[in-house]
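What follows is a single structure, written as structure tokens, with notes after it.
Only the coordinates and a few stated rules stand behind these numbers; no lab work does. Since the model is a prediction, treat every value here as computed from it, not as a measurement. All Cβ positions, even for glycine, are placed from backbone atoms using ideal geometry, and neighbour counts span all protein chains on display.
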Amino acid sequence: MCGIYGRISAAPIVPEALNRMRDLLSHRGPDDAGSWISTDGRIALAHRRLSIIDLSPAGHQPMAAPDARLVITYNGEIYNYRALRSELESVGLAFKGQSDTEVILAAYRRWGMQCVERLNGMFAFAIYDAGGADSPASVFLARDRAGEKPLYYSLGNGHFEFASELKAISAAPRIDAQAVNHYLALGYVPGDLSLLEGVRKLPPAHAARLELVNFKLDTWRYWQLPAHRPDANASVEDLADQAQALLIDSVKLRLQSDVPLGILLSGGLDSSLVVAAAARSSSTPIRTFTIAVPGSTLDESAHAAIVARHFDTDHHRLELGQSSLSVIDEIAPLVDEPLGDSSLLPAYALSRLTRRHVTVALGGDGGDELFGGYRDYPHALADQARFGWLPASAFRAAAALAARLPAGVRGRNRIASLKGGPLQQIIWGSPYFDVVLRRRILRSEYAELLGSAIDAPERGLLSLFAGGNGPVDRMTRTHFGSILPDDFLTKVDRASMAHGLEMRCPFLDHRLIEFCFSKVPDNWKVNGGETRRLQKHLARRMLPSTLDLNRKQGFSIPVDQWLRAEAPGRLAERFEALPDFICRDEVHALIHGLHAGRANGARLFSLLMLSIACVNMQTRSQ
């Protein structure tokens with residue numbers, strides 16, 4: 001896992017300036033640093049390395065092909081690189097080292113831009129191709145299917161720049177107000193948007209090609225979720241057989257490492273299945289790590305211990321200890337694009353503790369989206385069964401009345417989320433700022449300027465929802481294409497890479513993703529009040545019988561309690577750097593409501609992270 005940076009400019013690139021931008025990503029790659037500049041001085045690639053595969057100098061980046069036509073800078077892991085290497089060797093391509101980076105270069109030489117379709121892994125990379133008689137010079141960029149690894153870029157006036165994090169893009173610190181509208185709605189900046197004007201993200205499962213002769217950038221989607229076409233004749237045993245085989249192979253591939261590796265074991269269904277699959281693939285005891293929070297209801301270490309004993313793992317219980325809002329001050333320097341998900345804080349602390357023992361860790365992210373694990377799903381289905389007969393106008397009227405209530409009033413969000421009917425609660429039920437609250441928190445002139453586009457975040461979710469076939473398929477596709485890459489995987493990447501820890505997600509192997517979305521019927525994901533039906537059937541095969549399979553607990557923090565611990569005046573000072581189009585009177589009203597007992601913690605935390613991001617952008621521009 002690494003940090004990548006690149007620049008193409010009409011003016012010669014100064015090596016010192018290049019290395020300065022590269023080293024803003026040093027936390028992502030503490031083991032090595034490299035840079036490459038073309039002979040004409042206009043094209044530069046740079047890299048910060050966290051050494052995982054092939055620790056020798058043969059894995060150094062940026063890496064050039066033997067004939068110097070191709071140069072790559074790459075962040076990630078290609079888990080099937082050995083199989084690809086064998087295939088490429090069979091057609092005469094030779095290799096000097098043992099790294100997956102060299103395999104990507106050879107794959108591009110052999111298959112061109114279609115090489116990305118052959119890669120099984122998490123990645124973001126850029127390949128400079130000097131071209132030849134048959135093709136002009138270009139830069140090819142790609143990002144993995146699920147969106148585990150980030151890639152930002154800016155293009156304009158003969159200048160192109162890309163990086164693993166927004167902080168390394170040298171754009172003017174002008175806030176993109178449309179991005180802020182999305183952030184207020186969702187708690188993250190989605191898709192190709194970024195917090196800064198003129199900077200974009202390459203979305204998951206997308207590739208891009210920049211033609212250097214005319215600076216034309218083309219982007220395209222190279223992979224998408226398959227259609228939902230389950231086999232009506234497939235038995236649950238058949239489905240479980242396929243899921244088990246895919247999971248075991250995915251975990252086996254992700255156990256490849258030349259540095260210490262472990263598994264984050266919460267004792268929940270997802271991480272426990274990863275441990276079970278790893279135990280079948282490893283000839284030595286697996287190292288597992290559990291975070292304990294003594295005296296807290298968040299402490300799941302007892303459940304993790306059941307799984308660890310059953311599989312005889314080399315188990316480590318790491319105590320997180322009591323935290324407070326001061327953790328925000330510790331993480332603040334790393335915030336560039338804001339993330340409103342407060343579980344970023346315990347994820348950051350978890351990564352710090354785990355990194356003391358291993359360099360690579362496997363986790364359970366993605367299981368909820370693949371197998372139907374969110375409690376939102378049975379709630380929506382139950383509401384549809386009870387109230388689905390009501391006309392759409394009744395839901396809209398009830399939602400409009402509820403939306404008039406102050407933010408944080410008990411029951412407000414629940415009723416307001418029914419605006420589009422029971423099945424669309426995951427779209428209209430934001431824990432942050434719904435459309436009505438955005439019209440309050442945004443200054444009136446800006447809200448008027450947005451006009452009907454103010455509901456663009458919700459319409460984006462609706463487009464994902466419409467791509468499904470059946471209620472559960474629609475809801476899981478919506479989460480897979482939105483909150484998973486733009487919130488959860490972003491959180492994992494930032495928290496882990498802040499400490500030079502590589503996180504791997506076996507449930508996000510594209511073969512397992514494709515199976516779950518195309519072959520598993522809705523009723524084997526959610527049925528009645530039961531979620532994860534197929535996954536639980538698999539767990540009864542693979543996990544100890546004493547483990548509670550119905551327990552569902554996310555790793556969260558008492559954000560309302562933490563924020564109430566600060567005096568209103570001092571808390572208000574934390575929001576002084578918010579953009580001018582945020583109404584300060586509404587921020588103060590949220591603080592007042594919080595201290596009056598309303599549930600405004602998530603909203604205020606998201607604004608706090610936005611304020612920190614604005615401070616950091618202004619500081620870096622000076």
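Residues in segment 494-506 carry Karplus couplings, in order, of 5, 5, 6, 6, 4, 10, x, 10, 8, 9, 10, 10, x Hz; the curve used is 6.51 cos²θ - 1.76 cosθ + 1.60 with θ = phi - 60°, and Gly or Pro positions show x.
Restricting the calculation to Cα atoms, every distinct pair contributes to the Kirkwood radius of segment 348-431, found to be 15.4 Å. Counting charges near C2 (Lys, Arg +1; Asp, Glu -1) among other residues having Cβ under 11 Å from its Cβ returns a value of +1. When +1 charges are put on Lys and Arg Cβ atoms and -1 charges on Asp and Glu Cβ atoms, the dipole computed for the chain relative to its Cα centre reaches about 920 debye.
Over all Cα atoms in segment 450-602, the spread is summed up by Rg and Dmax: 20.7, 56 Å. The order of C583, C2, going from fewest to most other C-beta atoms within 10 Å of their C-beta, is C583, C2. Go ahead and collect, in residue order, the members of segment 568-600 whose backbone nitrogen is under 16 Å from a label point 7 Å along the Cα-Cβ direction of A332. From segment 568-600, the list is 569-579. If R0 is taken as 51 Å, the Cβ-Cβ distance between N527 and D218 corresponds to a FRET efficiency of 0.70. Applied to segment 332-339, the Karplus parametrisation 6.51 cos²θ - 1.76 cosθ + 1.60 on θ = phi - 60° returns per-residue 3J(HN,Hα) values of 3, x, 8, 7, 10, 8, x, 9 Hz, with x for Gly and Pro. Ranking A133, F160, G198 by Cα position along the charge dipole of segment 2-221, where only Lys, Arg, Asp and Glu carry charges on their C-beta atoms, puts G198 farthest toward the positive end. The charge dipole of segment 1-140, taken about its Cα centre with unit charges on the Cβ of Lys, Arg, Asp and Glu (plus for the first two, minus for the last two), comes to roughly 180 debye. Overall, segment 481-576 carries a charge dipole of about 600 debye about its Cα centre when +1 sits on the Cβ of Lys and Arg and -1 on the Cβ of Asp and Glu, all other atoms neutral. The phi-based Karplus calculation (6.51 cos²θ - 1.76 cosθ + 1.60; θ = phi - 60°) puts the 3J(HN,Hα) values of segment 146-152 at 7, x, 6, 10, x, 7, 9 Hz, whole numbers, x for Gly and Pro.
Straight-distance candidates among the aspartates and glutamates for linking to K252, with alpha-carbon spacing under 17 Å and chain neighbours fewer than 8 residues away dropped: E77, D100, D241, D270, D365, E502, D509.
So if I average 1/r over every pair of distinct C-alpha atoms in segment 2-221 and take the inverse, what Kirkwood radius in Å does that give? Display every interim value, and only then the final one.
Values: mean 1/r = 0.0567 Å⁻¹.
Answer for segment 2-221: a Kirkwood hydrodynamic radius of 17.6 Å.
Give the lysines whose C-alpha is closer than 27 Å to that of K201, dropping any in the same chain fewer than 8 places away, or say none. Within the straight-line limit of under 27 Å, K201 reaches these lysines: K149, K167, K216, K491. Taking all Cα pairs closer than 8 Å and separated by 6 or more residues, the relative contact order of segment 400-549 comes to 11 percent. For the chain, the extents of the C-alpha atoms along the principal axes are 68, 58, 46 Å, listed from largest to smallest.
Ignoring lysines fewer than eight residues from K525 along the same chain, the ones with Cα atoms less than 16 angstrom from its Cα are K536, K552. Think of it as helices only: each DSSP H run of n ≥ 4 in the chain is worth -39500 (n - 2.57), and spread over all residues that comes to -11500 deg cm²/dmol at 222 nm. Based on Cα contacts under 8 Å between residues 6+ apart, the chain shows a relative contact order of 15 percent. Under a Cβ-Cβ cut-off of 15 Å, what is the net charge of the residues other than R570 that fall near it, where Lys and Arg count +1 and Asp and Glu count -1? Residues near R570 contribute -2 overall.
Using Cα pairs under 8 angstrom and six or more residues apart, how large is the relative contact order of segment 2-221, in percent? Don't skip to the end; give the middle numbers.
Working: 464 pairs, mean separation 39.4, N = 220.
It comes to 18 percent, rounded to a whole number.
The order of E514, E102, E573, going from fewest to most other C-beta atoms within 10 Å of their C-beta, is E573, E514, E102.
Specify whether the C-alpha gyration tensor of segment 276-396 places it in the rounded, prolate or oblate class, a ≥ b ≥ c being the square roots of the eigenvalues: rounded for a/c under 1.5, otherwise prolate if a/b is larger than b/c and oblate if not.
Working: a/c = 2.41, a/b = 1.46, b/c = 1.65.
Oblate shape, in that a/c is at least 1.5 and b/c is the bigger or equal ratio.
Dividing the Cα radius of gyration of segment 547-622 by its Kirkwood radius returns 1.11 for Rg/Rh. Only one residue of P12, A142, A185 has its Cα farthest out toward the positive end of the dipole of segment 2-221, where Lys and Arg carry +1 and Asp and Glu -1 on Cβ, and that residue is A185.
Please rank S281, S26, fewest neighbouring Cβ atoms within 10 Å first, as an exposure proxy.
Details: S281 15, S26 12.
Lowest to highest Cβ neighbour count: S26, S281.
Within the shell defined by Cβ-Cβ distances under 10 Å, the residues around A602 carry a net charge of -1, with Lys and Arg each +1 and Asp and Glu each -1.
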